[in-house]
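A.B. asks: Can you read through this structure? Questions will come right after.
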Amino acid sequence: MKLKEIAYSHYMPEKRARRRANTCEGYESALRLHVVPRFGDMRIEEIAHEDIQEWVDAFSLPGAAEKAFKTLRQVVRWAMSRFGLRIYDPTRGIELPRKPKHEPKTLTADEAAETLRGFFGHEEEPTVLLASCLGLRPGEAYGLEWRDIDMRSGAVRIRRTLQEVRGLLHVYLPKTQRSERTVFLPRFALDRLKAVWRDRGKPKGRIIGMRKPSQVARAVRSWAKRQHLPKCSMYGRRHTWATVAVEAGASIEAVAMMLGHSSITTTYRYYLRTRKDICLSVQRAFEKRLMAAL
């Protein structure tokens, strides 16, 4: 059985039944653009380790190489298990190119405050406010409904994520069990959301209304550009919240809990930016302790 038949007739149908639409979209893209053109007409047994390494080395973009290779590896290992293939795994020991470090654009505390002032009264103000003050994933922010917010205590229940794939909307449970959480708004944000909720007639549906996530994101970008506000994506607002919280003295454990991470390693590795204020606060603590010992 050729790899393309395994991938399209067996592997992808099983994944579509269990994985999110946007995840399957990524698999299909890697298969279509990279994996099938190179290995589609080969049987698993014919694919050699050297062929895969040569293929990986030929990519000009490290990120594309990693995505394509991991998709190939999943298909190969799935087929080996599913069909009981007693062969050497050709994907073992492949060396991937090192990806350049990527740090999403984040805002300082002053820039975050400027952004919130700039969106005062805007249709998408509630979504920007929630994303900026809770460190939500974009899908979590888009999936929030007014009933998820306790207007008395400021508790916000994260119970779903809204994804858009090829113009179609998909509602899923949060990314992990820890992602299904209850977080709390700061007082100023709760007061403002309560005012907006009342002004809009106490709605009960999605906070973004009938708009799609792509429409909301486009409206936020457009308004920020027209108002000359600091540029920052919805995901960047999540990173901004984490970094500003640590700058203010919050522990990494508390930040990880708010972000819905299963491990503080994820928080440290992907969500904390090296900022001057953080470094200086650490050095002040170090200096205080050292001077006391001298």
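A.B. asks: Pick from Ser29, Ser60: which is of a type in the set (Ser, Thr, Tyr), at pLDDT 95 or above and surrounded by fewer than 17 Cβ atoms within 10 Å (Cβ to Cβ)?
C.D. replies: Result: Ser29 is the single residue among Ser29, Ser60 that is of a type in the set (Ser, Thr, Tyr), at pLDDT 95 or above and surrounded by fewer than 17 Cβ atoms within 10 Å (Cβ to Cβ).
A.B. asks: So is Tyr88 touching a Lys or Arg at 6+ places or on another chain (Cβ under 6 Å) and open to solvent by 10 Å² or more (accessible area, probe 1.4 Å) or not?
C.D. replies: Spelling it out, it is not the case that Tyr88 is touching a Lys or Arg at 6+ places or on another chain (Cβ under 6 Å) and open to solvent by 10 Å² or more (accessible area, probe 1.4 Å).
A.B. asks: What are the pairs, 6+ residues apart or on separate chains, where a residue within region 35-58 that is farther than 22 Å from His10 by Cα has its Cβ under 6 Å from a residue that is outside any loop (DSSP other than H, G, I, E, B) and open to solvent by less than 30 Å² (accessible area, probe 1.4 Å)?
C.D. replies: So the pair list comes out as Val56/Ala65; Val56/Phe69.
A.B. asks: Counting just the residues of region 114-150 that are surrounded by fewer than 24 Cβ atoms within 10 Å (Cβ to Cβ) and among the acidic types (Asp, Glu), which one comes out nearest to Lys204 (Cα to Cα)?
C.D. replies: Glu145
A.B. asks: While we're looking at this one, here's another question. Can you name every residue in region 226-255 that is within 20 Å of Ser179 (Cα to Cα) and either in contact (Cβ under 8 Å) with a residue 40 or more places away in the chain or under 14 Å from the mean Cα position of the chain (by Cα) (or both)?
C.D. replies: Those that are within 20 Å of Ser179 (Cα to Cα) and either in contact (Cβ under 8 Å) with a residue 40 or more places away in the chain or under 14 Å from the mean Cα position of the chain (by Cα) (or both): Met234, Tyr235, Gly236, Arg237, Arg238, His239, Thr240, Trp241, Ala242, Thr243, Ala245, Val255.
A.B. asks: If a residue must be open to solvent by less than 10 Å² (accessible area, probe 1.4 Å) and under 23 Å from Ala245 (Cβ atoms), how many such residues does region 156-173 contain?
C.D. replies: 3
The values are calculated or read from the model by the stated rules, or taken from the named source; none is laboratory data. Given the structure is predicted, the values throughout are model-derived calculations rather than measurements. Cβ: placed from backbone, ideal geometry, glycine included. Neighbour counts: every protein chain shown. Please note that ligands, DNA and RNA were not included when accessible areas were found on the heavy atoms of the full protein model with its side chains. Shrake-Rupley method; radii C 1.70, N 1.55, O 1.52, S 1.80 Å.
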